[in-house]
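Notes follow once the structure below has been shown.
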Amino acid sequence: MSGVTAAIDSPGLEIIIPALLLVVAIFPFLLNANRNQALGLLAAPLLLALGLGYLKYQADHTAAASEGELLRATPTQVRLSPDTDPSNAYTSSQTCRACHPGEYDSWHKSYHRTMTQLAKPDAVLAKWHGTELPLGEARLHLEKKGDEYWVTTFGPDGIKQAVQRMTMTTGSHHLQVYWVGDKAGNMQHPFPYGWLISDQKWAPVEDTFLRNPHGAPVDAKWNKVCIECHSVAGKAAVSMTRQGQTARTEVAELGISCEACHGPAREHIAHFQNPFNRYTGRDKAKDAHGIKNPDTGKMDHRKSAQVCGQCHSYQFTPNPPKRLAQGPSFLPGGDLNAAANAVAVQPSKFTGASPKSQAEARQFAASHGHPHPGGEWLTDRFWPDGMVRVTGREYNGLLDTPCFQRGKMSCLSCHSMHDYHDRNDQLAPRMETNAACTQCHEDIRENLTAHTKHAANSAGSSCYNCHMPHTTYGLLSAIRSHQIDSPSVAAQLKTGRVNACNLCHINQSLNWTNGHLAEWYNHKPAKLNAEAKHISSVLEMLLKGDAGQRAIAAWHMGWEPARQASGGDWQAGWLLRTMDDPYSAVRYIAHKALQADPRLAKAEFDYAAPLAKRTTQIQKNRADWEKQLPDQTGVAQQIEVLIDGQGKPIEAEARRLEAKRNNRPMTLQE
C-alpha cells in the first residue's frame, strides 16, 4: 500500500470498505429515487459505518484492556514497554527483522523462540476449553474466554474457590507448562498440569520429570528458575514482603531470541542507520559492528561454544543475589567464569570424595573456580566419571570431548541456528549423517566398514550410535550424549552407564561385548561377574539399576535400531513389568517402548493414574499380549534375556535381580 491508503490502519479499512461497497451497490437505485428515498439510501452506509465503528471500538477497547492486564501480570519486556534502565542496550528481535528477514524467519520458526510466551491463542497448545482436571479432592475447570485462558478451582463441595488467568507458557516442542501471574508484582506461579504435546494429553507436571516419588512437591517459580535460560537478559528482582515473595521481573524478551546469541543490539542498530556504514559493512567475512557472531569463522570455537553454554550447561553462580537482582553478566564473546558470575562445572576433573577440611575446600575452589557442589548434587546430574546424564547440559559434555579440547569442534560444527534442515534438533544439512564426523575424520570416510566392523548402511556404522549413544535422560526420553567417547566395558563397570554396543545389541551380555571389543579394537577384557557374563546388560540394568538407568534401559527396548539388531519379540513381558515402576517417568517410557511392539501398538495406559487404575490396565495389556504368544512347545529358553519356553519372563530370576535394585531416591535435574 502507498499514499492515502497506507495512512489508514487495517481496522479502519475494515469499516470503510464495506460502507463504500454498499454505496456502489445502491448507486443505480439513486438514479431513479426521489429525494426522500435518496436520503434514506445514502443514510444506510453512514449508519452501517457508524455501527461497525462502534462494534470495532468496543472490540478494540476490550482487547486492549485484556492485553494490558496480561502485560501487567508478566515480566516487563523491552519490546513492549519503555526501558526502565537508560543503560539497557537491548532492543528485541523485532528491530532485527527489517534488515535480516531471512535470519528472522528461520529463528521465528524455531523452538527457541517459543520457549516462553504470553498465554495467547497462538501460543497455547493444550486442549483448554471445557477441560476438567482433578486436584486432590478439588477439581479444575478450564475455560477460554475470547483470547484469555482461565482456570476455576472448585472444592470437594462444588463451591468455587478461586478463578485465575493463565499468563505465560513455557515449552512448545515436547511439553508445555503454564503459569499464573501474581496479583502483587509479576511472580509466575506454576499451574499443576502440563500438556504432553506428542500424546495430546494432560499430565501432572510432577509426573513429567524423573523425580523422587516420595519427595516434597516442587513449587518452582518461573522468575527464579526458568528465567535464566528461557528469556533474554532476565532480571528476576525477587524480594520478600510481609505477604511473602514478590517480583518486579524484567527481561529483554521472552523466549530465546537474537540478542541471546548476538548480544545487545542497540549500538549495532545505531551504527547501521548511517547509509555509509551500511555500504562499508557489507563484508560478511568481518564481524558486524556492535554485535557478536558465534560463527566459528568469526569467533574462536571455545567462545562460540560458550554462547550456547550460557544455557546448555550446569553452572555455579558465585554471587546468586547479584544474579537475581541484575541478571546474567555473561555476554556473547565473553567467558563463562567467575567474572561473569557463571562458572561451567566440569566434574570429570574432580570425581571422587568431597573435600574433608576447610583447607581442602579452599584449595578446591581456587583450582576449579567454584566450591565443591556436593555428592548428591553431582549424582543427580552426572555419571560417576563426570559425564552428563541429564539433557540440556550439552556444553558440559563438549568440554570433555577430545574434538573440542584438541581440535576446533563447537556446537556449530553440527548445529545451525538459521540453516537447519529440521527444527527438531536444528542440525545443519547432512549433519544427521556420518558427514558430521567425516568432515574432519576423512580417513574413516574412505574405509568406513574397516573401522565399524558393520555393514556400511547399518545402524552399527552410524558414528552417532557408537560415539554419542542415548545415555542422557530428559523430556521423558533418552537423548544422545554430547560427550564424544568410545564403547568400553571397563567404563560401564565403573560408572553404571551402559556402553554403546549393548544399547544396540540389547539382548547381549557384557561378555559378548568384551569379546568383540578385544577382537576388533584390542581392548583388554574386563573381569566380569556371573550375571554380566550371561545376562543381557540392558535387561540387568532394567531390573537392578537406579531410576535413571531403568529409564534408559526401557527406552532402548523400544528403539527401532535395537529391536532390529536384537529381535523384537521378547521385550514386551519385561516392559509390562516396568510399567509398575514407582517412578512415573520410567512407567511412561516403558509404555512407549511397549507400543513399539506391533502386537501392542494400541495398548492403553495412563502412567500418572492412581495405582488401582494402572494395575487394571497392565493386567489387560498383559492378557492381550499372552493371547498373541505363539505356541512355544519345545522351544528352548532364551537365557540371555531370561525368557522361558513360553516366551514369558522367568519370574524367579526377575525377583532375584529386582531384590538387588538400586533404590536410592533420585531426582534427575533437567
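The values are calculated or read from the model by the stated rules, or taken from the named source; none is laboratory data. As the structure is a prediction and not an experimental result, all values here were calculated from the model. Heads up, the Cβs are rebuilt from the backbone with ideal geometry, glycines too, and the neighbour counts pull from every protein chain shown. Side chains included, ligands, DNA and RNA excluded: accessible areas come from the protein's heavy atoms. Shrake-Rupley method; radii C 1.70, N 1.55, O 1.52, S 1.80 Å.
Provide LEU331, LEU254 ordered by accessible surface of protein heavy atoms (probe 1.4 Å), highest first.
Result, largest first: LEU331, LEU254.
Ordering ARG497, ARG72 from largest to smallest accessible area (1.4 angstrom probe), what's the sequence?
Listed by decreasing accessible area, they come as ARG72, ARG497.
Can you give the net charge of the other residues whose Cβ lies under 10 Å from the Cβ of LEU70, counting K and R as +1 and D and E as -1?
Spelling it out: positives minus negatives among the neighbours equals -1.
Evaluate the relative contact order of region 163-207 (contact order divided by residue number), counting alpha-carbon pairs under 8 angstrom at least 6 apart; express in whole percent.
29 percent
LYS183: which aspartates and glutamates have alpha carbons under 17 Å from its alpha carbon, excluding same-chain residues fewer than 8 sequence positions away?
List returned: GLU67, GLU69, GLU148, GLU250.
Treating only the Cβ of Lys, Arg, Asp and Glu as charged (+1, +1, -1, -1), what charge dipole size does region 379-438 show about its Cα centre? Round to the nearest 20 debye.
Values: 7 positive and 8 negative charges, 30 e Å.
I would put it at about 140 debye.
Would you mind calculating the relative contact order of region 264-317 from Cα pairs under 8 angstrom and at least 6 residues apart, reporting the percent as a whole number?
It rounds to 28 percent for region 264-317.
Match the structure shown to one of the listed values (1) 29.8, 109; (2) 28.7, 92; (3) 40.9, 133 of Rg and Dmax of the Cα atoms in Å, computed from it, and give that label.
Correct label, based on the coordinates given: (1).
To the nearest 10 square angstrom, what accessible area does TRP383 show with a 1.4 Å probe?
Counting only protein heavy atoms, TRP383 exposes about 20 Å² to solvent.
When all protein chains stay in place, what accessible area (Å², nearest 10, 1.4 Å probe) is found for GLU653?
Number for this one is 50 Å².
How far, in degrees from 0 to 90, does helix 510-521 lean away from the longest principal axis of the Cα atoms of the chain, to the nearest 10?
Approximately 90 degrees, to the nearest ten.
In whole percent, what relative contact order does the chain give with Cα contacts below 8 Å and a gap of six or more residues?
In percent, rounded to a whole number, it is 9.
Let me know the shape class of region 407-511, please: from the alpha-carbon gyration tensor, a ≥ b ≥ c as square roots of the eigenvalues, rounded when a/c is under 1.5, otherwise prolate if a/b is greater than b/c, or oblate. The partial results should precede the final answer.
Details: a/c = 1.89, a/b = 1.29, b/c = 1.47.
Taking the square roots of the gyration eigenvalues as a ≥ b ≥ c, region 407-511 is oblate.
Mind running the shape call on region 316-357? Use the C-alpha gyration tensor, a ≥ b ≥ c as the square roots of the eigenvalues: rounded below 1.5 for a/c, prolate if a/b tops b/c, oblate otherwise.
The shape class here is oblate.
How large is the accessible surface per residue of region 521-670, computed with a 1.4 Å probe and reported in Å² as a whole number?
Each residue of region 521-670 exposes 47 Å² on average to a 1.4 Å probe.
Might you report the magnitude of the Cβ-based charge dipole of the chain about its Cα centre, with Lys and Arg at +1 and Asp and Glu at -1, to the nearest 20 debye?
Computed charge dipole of the chain: roughly 800 debye.
For region 140-258, what is the accessible area per residue in Å² when the probe is 1.4 Å?
About 44 Å² of surface per residue is accessible.
Tally up the carbon and sulfur contribution to the accessible surface of region 272-386 as a whole percent, 1.4 Å probe, everything protein left in place.
For region 272-386, the apolar C and S fraction of the accessible surface comes to 52 percent.
Lys and Arg at +1, Asp and Glu at -1: add these up for the other residues within a Cβ distance under 10 Å of ASN341 and post the number.
With Lys, Arg at +1 and Asp, Glu at -1, the neighbours total +2.
Per-residue accessible area for THR153 at 1.4 Å probe radius, Å² rounded to 10?
About 20 Å², rounded to the nearest 10.
For region 156-215, just say rounded, prolate or oblate: build the C-alpha gyration tensor, square-root its eigenvalues into a ≥ b ≥ c, call rounded for a/c under 1.5, and beyond that prolate if a/b exceeds b/c, oblate if not.
Cα axes put region 156-215 in the prolate bin.
For LYS494, go through the lysines and keep the ones whose alpha-carbon is under 25 Å away, minus same-chain ones fewer than eight residues off.
LYS349, LYS356, LYS524, LYS527, LYS533, LYS544, LYS660
Which net charge results when you count Lys and Arg as +1 and Asp and Glu as -1 among the other residues whose beta-carbon is under 11 Å from that of MET431?
After counting each charged neighbour, the total is -3.
In terms of solvent-accessible area of protein heavy atoms at a 1.4 angstrom probe, what is the ranking of ARG622, ARG587, highest value first?
Listed by decreasing accessible area, they come as ARG622, ARG587.
Please report the carbon-and-sulfur percent of the accessible area for region 583-668; probe 1.4 Å, protein heavy atoms only, DNA, RNA and ligands left out.
Carbon and sulfur atoms account for 52 percent of the accessible area of region 583-668.
In Å², what does the accessible area per residue of region 342-392 work out to with a 1.4 Å probe?
49 Å²
State to the nearest 20 debye the size of the charge dipole of region 209-349 about its Cα centre, where the only charges are +1 on K and R beta carbons and -1 on D and E beta carbons. Numbers along the way, then the final one.
Details: 18 positive and 11 negative charges, 33 e Å.
That gives region 209-349 a dipole magnitude of about 160 debye.
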